[in-house]
Every structure is written in structure tokens, then in C-alpha cells.
1. R0 = 41 Å: FRET efficiency of ALA102 with SER129, Cβ-based, nearest 0.05?
2. So for each of 73-80, 162-169 I average, over its residues, the number of other beta carbons within 10 Å; can you give me the resulting order with the highest mean first?
3. How large is ³J(HN,Hα), in whole Hz, for each residue of segment 99-109 in order, when computed from phi with the Karplus curve 6.51 cos²θ - 1.76 cosθ + 1.60 and θ = phi - 60°, using x for Gly and Pro?
4. For ARG87 and SER150, compute 0.36 nm times the residue count separating them, minus their Cα-Cα distance, and round to one decimal in nm.
5. Relative to the present Cα-Cα distance, how much length would full extension add between TYR55 and ILE139 at 0.36 nm per residue of separation?
6. What residues qualify as long-range amide H neighbours of VAL93, i.e. H under 5 Å apart, gap of 5 or more or another chain, H built at 1.01 Å from N?
Amino acid sequence: MKLMFFVWMAVGLCLCPPPSAAVSVEVAAKGVKSLQTKQIPDWDYSKEVFRSLKYFRCEEFNSPDVGRGCERMDWEFLYLLEQARERAQIPFVVSGGFRTKAHNAAVGGVTNSCHLYGYCADIRVSNASERYKIVEAAIYVGIPRIGVYSQHIHLCADPAKAQHILWMGEYKQKS
């Protein structure tokens, strides 16, 4: 992902600040079994990342049960999401971003959900045209994991999970 980041910088497609060693994502190698090694950027850096985004605000990615979950979002994923939004030319309404373990359990999320690590977002959809535009844009910018649900599109860039996949699913809220 870092190579794509620098390529974007070279051609002027990315609005992001250069990464610093203090906020680098520490994913050791291919086949990482746990995302617990991901270094979490400090709050000041997270605010700078969000200031550089044109289409998204920090609050959109907060877990409902904590005030500052957005600092847990992966900044490389956020820039992919920003590029997808630019390409789609429709609003992306974030219905799910970072989740705490408690909130993830409350909504029936899987135990290894990428929401726990800030590698994904759910984008609300209301019709087939929006669904198509979001999926096409996500594929175009290189978001490697896409789940198509009746009321949202799950966009994910979790490096520890299978890449280049698209799936259809039903939203099952825990009762």
C-alpha cells in the first residue's frame, strides 16, 4: 500500500501529508496473523489526516460508544476511500467506521472484523445506481475487499485478509 501512496503523491492524485516514522503502519510481512501490531497514530496526526480529506469528517468514523474512535482509522485506507468518493461523484454516507469490541459485539460483527482496526467502512446505499458507482469506484482505486449488502457497501483494505474479493451478503442485526 505504501508504494501506491507514493505513486499517488508523485502524480498529484493524493492530498495526503507524507507519512512519518511515528505513524507508519507496522504490518510485518505478508500473511500477518494479527493486526494487533498496527501502530495507532497520535490524535494530533489523526486530526491532520482528516483536515486533508475533502469528503470526510473525523466524526463519521467514530464508534458510537466512544468519542474519538476515528484516530483508529488507517490513513492509507482513508485515502483510498477519498479517491473512490472522487471517482464515484456521489456522496458517501458512512454508516460504520471504527468499532470498539463492545460495539462490534452489539451489532453482531465477526470477532476479527476489520472495523476493530480501522481498515474498513460501510457506505450507505439506497438504490442500484449508487451501489454500482461505489463498487466501480472502489475497484478502480484498488480497494481489495468489497462486500455488497442491501443497505450498504462494505469497503475494506485489511492486509491480513484475502485480497481482491467481492461478496454478497445480508445484513443480520443481532437480536
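No lab work stands behind these numbers, since they all come straight from the coordinates. None of these values were measured; they are calculated from a predicted model. All Cβ positions, glycine included, derive from the backbone under ideal geometry; neighbour counts span all protein chains shown.
1. So, using R0 = 41 Å, E works out to roughly 0.70.
2. 73-80, 162-169
3. Ordered by residue, 3J(HN,Hα) equals 10, 6, 4, 5, 5, 4, 5, 5, 8, x, x Hz.
4. Full-extension gain reported as 20.5 nm.
5. Taking TYR55 through ILE139 to full extension adds about 28.4 nm, to one decimal.
6. Amide H to amide H, under 5 Å and 5 or more residues apart or across chains, VAL93 pairs with ARG124.
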